[in-house]
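Working notes, beginning with the structure itself.
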Amino acid sequence: MTSSGLQPRQDGDAALRLLRDGALDLEGRLVDASNTTLRGILTLDGVSARCVYKPVRGERPLWDFPDGTLAGREVSAYLVSRATGWDLVPPTVLRGGPFGPGSCQLWIDEPEDAEPLVGFLPAGELPPRWFPIAAARDDDGAAYALAHADDPRLARLAVLDAVINNADRKGGHVLVGDDDRIYGVDHGVSFHVEDKLRTVLWGWAGKQLPSDAVEMLDGLAGQVSGALGAELADHLTISEIAEVAARVDRLRETCRFPQPPEDWPAIPWPPM
């Protein structure tokens, strides 16, 4: 598991205990975020780690998501990710903090030499095994392409996004940890009962799911109707949990990645 570099690596249970029970000292605000997003340091029993704390009171009202629910959706994304066995979302809990209850997620440090997997690249100069997603131009009119790598780690993240109905998979929400694993962050606008999938990871649209994804979905179906569903009930409505199960079933039936929606913007803005 990747952590802040302030302490040794920790296993999942230890990270969750630190997130839930550690003393939280704030370092500052991440000003690019649309909702109040604060970075802090957690300390417990001599162990410290950086975290991202998003208080409920700092959530910006949205027309299509109920007020005060984004933190719970962040936690729900972690719970589903953990249930898949892929661990694509950093450990996340709901806890109290200096500005009241909110989500608290382990901070992921990206190595300086980490190769980005999503970005804007000069048109016609895409590396091998990269998917062009959308055309763009810079301020001088030069042609660029929004693109992402044909990477099995990203494909898993695309499947997770389809399950949780992620409405905001920006390229900047894909992190590469120092263990060469990728992590998805910022899942506050997920789990809507209506189809709202918006992502930059459309490279596999309509293609057959890999065998490991099909196997994962088969196992996840039973968990949603059992222990996972009970955990999600602390954060989501009955209808939202039912739609998680329905999306899992649809993916199992088609065994294909979803297609971009025709009645909803397919790519979030900004895309990075």
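Between residue 262 and residue 136, what's the calculated FRET efficiency when r is the beta-carbon distance and R0 is 22 Å? Round to 0.05.
Numbers: r = 21 Å, r/R0 = 0.97.
After rounding to 0.05, the efficiency reads 0.55.
Helix content alone sets the calculated 222 nm mean residue ellipticity of the chain: runs of n ≥ 4 DSSP H residues at -39500 (n - 2.57) each, divided across all residues, give -8500 deg cm²/dmol. Ranked by the mean number of other Cβ atoms within 10 Å per residue, highest first, peptides 241-251, 207-217, 126-136 order as 241-251, 207-217, 126-136.
Would you mind telling me the share, in percent, of accessible area of the chain contributed by carbon and sulfur at probe 1.4 angstrom? About 51 percent, which is the carbon plus sulfur part of the accessible surface. When the Cα atoms of segment 107-264 are aligned to their principal axes, the ranges along those axes come out at 52, 36, 29 Å in descending order. For the residues 254, 92, 69, a GNM of the chain with alpha-carbon springs under 10 Å puts the largest fluctuation on 254. Placing one equal scatterer on every Cα of segment 97-137 and applying the Debye formula, the log10 ratio I(q)/I(0) at q = 0.15, 0.34 Å⁻¹ is -0.63, -1.28.
Toward the positive end of the charge dipole of the chain, with +1 on the Cβ of Lys and Arg and -1 on the Cβ of Asp and Glu, the farthest Cα among 38, 223, 267 is that of 223.
Percent of alpha carbon pairs in the chain separated by more than 23 Å? Cα-Cα pairs of the chain separated by over 23 Å account for 53 percent.
Over the Cα atoms of segment 27-123, compute the convex hull volume and normalise it per residue, giving Å³. Show your work: numbers first, answer last.
Numbers: hull volume 17.2 nm³, N = 97.
For segment 27-123, the hull spanned by Cα atoms encloses 177 Å³ per residue.
Choose one of 105, 123, 144: the residue whose Cα lies farthest towards the positive end of the charge dipole of segment 100-165 (beta-carbon charges +1 Lys, Arg; -1 Asp, Glu; about the Cα centre). The listed residue farthest towards the positive side: 105. Averaged over its residues, the chain has an accessible area of 48 Å² per residue, based on protein heavy atoms and a 1.4 Å probe. In the calculated pair-distance distribution of segment 117-200, the portion above 14 angstrom amounts to 66 percent of the Cα-Cα pairs. The share of Cα pairs per 10 Å bin across segment 180-257, counted from zero up to the longest distance, runs 16, 43, 38, 3 percent.
Quick check for me: using +1 on Lys/Arg Cβ and -1 on Asp/Glu Cβ, what's the dipole size of the chain about its Cα centre, in debye to the nearest 20?
On the way: 26 positive and 42 negative charges, 81 e Å.
Result for the chain is approximately 380 debye, rounded to the nearest 20.
Put a dot 7 Å past the Cα of residue 255, heading toward its Cβ, do the same for residue 218, and the two dots end up 1.0 nm apart. Here the Karplus relation 6.51 cos²θ - 1.76 cosθ + 1.60, evaluated at θ = phi - 60°, turns the backbone of segment 23-29 into coupling constants of 5, 10, 10, 7, 9, x, 9 Hz, with x for every Gly and Pro.
The values are calculated or read from the model by the stated rules, or taken from the named source; none is laboratory data. Note that the structure is predicted; figures quoted are calculated from it, not measured. No Cβ is skipped: glycine too gets one built from the backbone with ideal geometry, and neighbour counts run over all protein chains shown. The area values use the complete protein model at the heavy-atom level, side chains included, leaving out ligands, DNA and RNA. Shrake-Rupley method; radii C 1.70, N 1.55, O 1.52, S 1.80 Å.
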